[in-house]
1. What order do you get for 166-173, 130-137 when each peptide is scored by the mean count of other beta carbon atoms within 10 Å, highest first?
2. Rg/Rh for the range 66-134 to two decimals, with Rh computed the Kirkwood way over all alpha-carbon pairs.
3. Using a 1.4 Å probe and counting only protein heavy atoms, arrange 248, 82 so the residue with the most accessible area comes first.
4. Which value does Rg/Rh take for the range 181-225 over its C-alpha atoms, Rh per Kirkwood?
5. Along the charge dipole of the range 149-237, which of 222, 171, 156 sits closest to the positive end, that is, farthest toward it, with unit charges on the beta carbon of Lys, Arg, Asp and Glu (+1, +1, -1, -1)?
6. For the range 191-254, place one equal point scatterer on every Cα, skip the solvent, and apply the Debye formula. What is log10 of I(q)/I(0) at q = 0.13 Å⁻¹?
7. Could you estimate the translational diffusion coefficient of the range 154-235 from the Stokes-Einstein equation, with Rh from the Kirkwood formula over C-alpha pairs, at 4 °C and 1.567 mPa s, in whole µm²/s?
8. If amide H atoms are built 1.01 Å from N in the plane of the peptide, which residues on other chains or at least 5 residues away come under 5 Å of the amide H of residue 204?
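The values are calculated or read from the model by the stated rules, or taken from the named source; none is laboratory data. Source: prediction; values computed, not measured. Don't worry about glycine lacking a Cβ; one is built from the backbone with ideal geometry, like all the others, and counts go over all protein chains shown. Keep in mind that these areas ignore ligands, DNA and RNA; they rest on the heavy atoms of the full protein, side chains included. Shrake-Rupley method; radii C 1.70, N 1.55, O 1.52, S 1.80 Å.
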Amino acid sequence: MHSKYFLINLILVFLSLSPIFTNAQSSFTTADSISQVPSFMQDVESGYNTGIKIVTAPFSFDTKDWIITGAVLSTTALAYLVDKDNREFWARNHNKSLDGIGNVGEFYGEIRNAAIFSGAIYLGGKIADSKELSVTGRMLFEGLFFAGLRTTLIKSFSGRSRPYTNDGYNHFKLFQTNNDYTSFPSGHTTVAFTLTSILSNRINNTYVSIGLYTLAVTTVMQRMYSDNHWLSDTILGASIGYFIGQAVVKFDDDVQNSGITVNPCFIPDGFGLNIAYIL
């Protein structure tokens, strides 16, 4: 199937599921059903507030949070130990069926496609006057930005060689921008799990969640199958996408109305900005 038709179908399927949002009481605040669609300026403010909360979140981690962080790092380290063997496994198991599955996974994890999809949801919500869709689109943009930024910074700093360079799984060249040396972590996997994490929370339907996480797993498979990433790359990428997605849903202004707000105001000789922090 041509990529553009796949994208159109994906959007149509998601829009057809929009009634699920109305019944997903645990995913939305009561105000969702009675308040207006947020303005663009409110969306910008929400993104800023969410970013501040995500950056400062580690300072308020509790024991459970640190255990989860340790588990992610430990799992990534264990995967690192079998990166070489895992690459050899995928190299031995190429077939047409996996080629097709891999194409779907690659498409789902492509940032351009994710941005188009998020934009369609966001604009669709504005046009249809649906706060649920509009806020979901906003959350998707927030998640892709913050997860992508974190992944990009780690990629450039670590400078890990991609498998196809044949430099080995333990070859690192710090501070790189060359695509051949930005393997760790996987950007496609980050994108896939960011989308899945947010959409799963917002739709709040078991069957849809299973489908979304299945799509994300196909992205994980494709990145190793195509020899673009090591197993440990995908583990960390998936973790970043998943947890940033969860954080966006938790911290978004629509869920918890707190943080910095910025509003225009008039002054005698012009106009300015009124900045307030809501506790």
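1. 130-137, 166-173
2. Rounded to two decimals, Rg/Rh equals 1.21.
3. 82, 248
4. 1.06
5. Looking along the dipole axis, the top candidate is 156.
6. Log-scaled intensity ratios, in q order: -0.36.
7. 97 µm²/s
8. Under 5 Å from the amide H of residue 204: no residue qualifies.
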